[in-house]
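Colleague: Pasting a structure below so you can have a look.
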Amino acid sequence: VVVGVLVLMNKGKVFRGCASHMIMPDGTKVVFADVFKIDKRKWGAKGLAYAWFRDGGEGAEKRVAIDCLKYDEKGAEAVLERLLSVFNGELIEKVEEPEDEEEEKPFEKPDA
């Protein structure tokens, strides 16, 4: 029932990307040049990224979510790729730790 209600609530909402900006489902227009920080740590697992921006590059800091599970997956991914292609700010990504091929050996006390 909850999923059905959420689907109906989000039915008319559209997330659109254009050449120089994106339009959020609530009608907020985010110009790519105004974005100063992107957090992609949850993109690989949940399809979720956050973008922080200031209208006109000035004023209060605002955050929008780019969510490919809530909106069209291909569209959200295309908008994020377009945003990243012109982005010059702080990018936060999940860094995978390299796996050691050799297992760590336990510390052995030298014979005295």
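Colleague: Got a sec? Which strands (runs of 3 or more DSSP E) wholly within region 22-70 have at least 2 residues that are within 30 Å of Gly4 (Cβ to Cβ)?
Modeller: 48-54, 61-67
Colleague: Report yes if Leu83 is more than 15 Å from Met24 (Cβ to Cβ) and either out of contact with any Asp or Glu (no Cβ under 7 Å at 6 or more places or on another chain) or touching a residue at least 60 places away in the same chain (Cβ under 8 Å) (or both), otherwise no.
Modeller: Considered against the rule, which asks whether it is more than 15 Å from Met24 (Cβ to Cβ) and either out of contact with any Asp or Glu (no Cβ under 7 Å at 6 or more places or on another chain) or touching a residue at least 60 places away in the same chain (Cβ under 8 Å) (or both), Leu83 comes out as no.
Colleague: Give the number of residues within region 45-58 that are open to solvent by 60 Å² or more (accessible area, probe 1.4 Å) and over 16 Å from Asp72 (Cα atoms).
Modeller: 5
Colleague: Among the residues of region 18-42, write down those that are surrounded by fewer than 12 Cβ atoms within 10 Å (Cβ to Cβ) and farther than 14 Å from Asp67 by Cβ.
Modeller: Of everything in region 18-42, those that are surrounded by fewer than 12 Cβ atoms within 10 Å (Cβ to Cβ) and farther than 14 Å from Asp67 by Cβ turn out to be Ala19, Ser20, Gly27.
Colleague: Right, here's the next one. Checking Leu69 against (1) open to solvent by 100 Å² or more (accessible area, probe 1.4 Å); (2) within 18 Å of Phe15 (Cβ to Cβ); (3) at pLDDT 90 or above, which single condition isn't satisfied?
Modeller: Going through the list (1) open to solvent by 100 Å² or more (accessible area, probe 1.4 Å); (2) within 18 Å of Phe15 (Cβ to Cβ); (3) at pLDDT 90 or above, Leu69 breaks only (3).
Colleague: Limited to region 72-94, what total is found for residues that are open to solvent by 60 Å² or more (accessible area, probe 1.4 Å), more than 15 Å from Arg16 (Cα to Cα) and not in a strand (DSSP E or B)?
Modeller: 5
Colleague: Let me ask something additional. Residues in region 4-17: is at least one part of a loop (DSSP other than H, G, I, E, B), over 16 Å from the mean Cα position of the chain (by Cα), loosely packed, with under 14 Cβ neighbours inside 10 Å and at pLDDT 90 or above?
Modeller: No, region 4-17 contains no residue that is part of a loop (DSSP other than H, G, I, E, B), over 16 Å from the mean Cα position of the chain (by Cα), loosely packed, with under 14 Cβ neighbours inside 10 Å and at pLDDT 90 or above.
Colleague: Any idea which of Ala49, Ala65, Ala45 is free of Cβ contacts under 8 Å to residues at least 12 places away in the same chain and within 14 Å of the chain's Cα centre (by Cα)?
Modeller: None of the others qualify; the one that does is Ala45.
Colleague: Next up: Do we have Arg63 as surrounded by fewer than 12 Cβ atoms within 10 Å (Cβ to Cβ) and at pLDDT 95 or above here?
Modeller: yes
Colleague: Kindly provide the set of residues from region 55-70 that are touching a helix residue (DSSP H, G or I) at 6+ places or on another chain (Cβ under 6 Å) and over 20 Å from Pro25 (Cβ atoms), ordered by number.
Modeller: Result: Gly57, single match.
The values are calculated or read from the model by the stated rules, or taken from the named source; none is laboratory data. Note that the structure is predicted; figures quoted are calculated from it, not measured. Heads up, the Cβs are rebuilt from the backbone with ideal geometry, glycines too, and the neighbour counts pull from every protein chain shown. Protein only, heavy atoms only, side chains kept; ligands, DNA and RNA dropped before computing areas. Shrake-Rupley method; radii C 1.70, N 1.55, O 1.52, S 1.80 Å.
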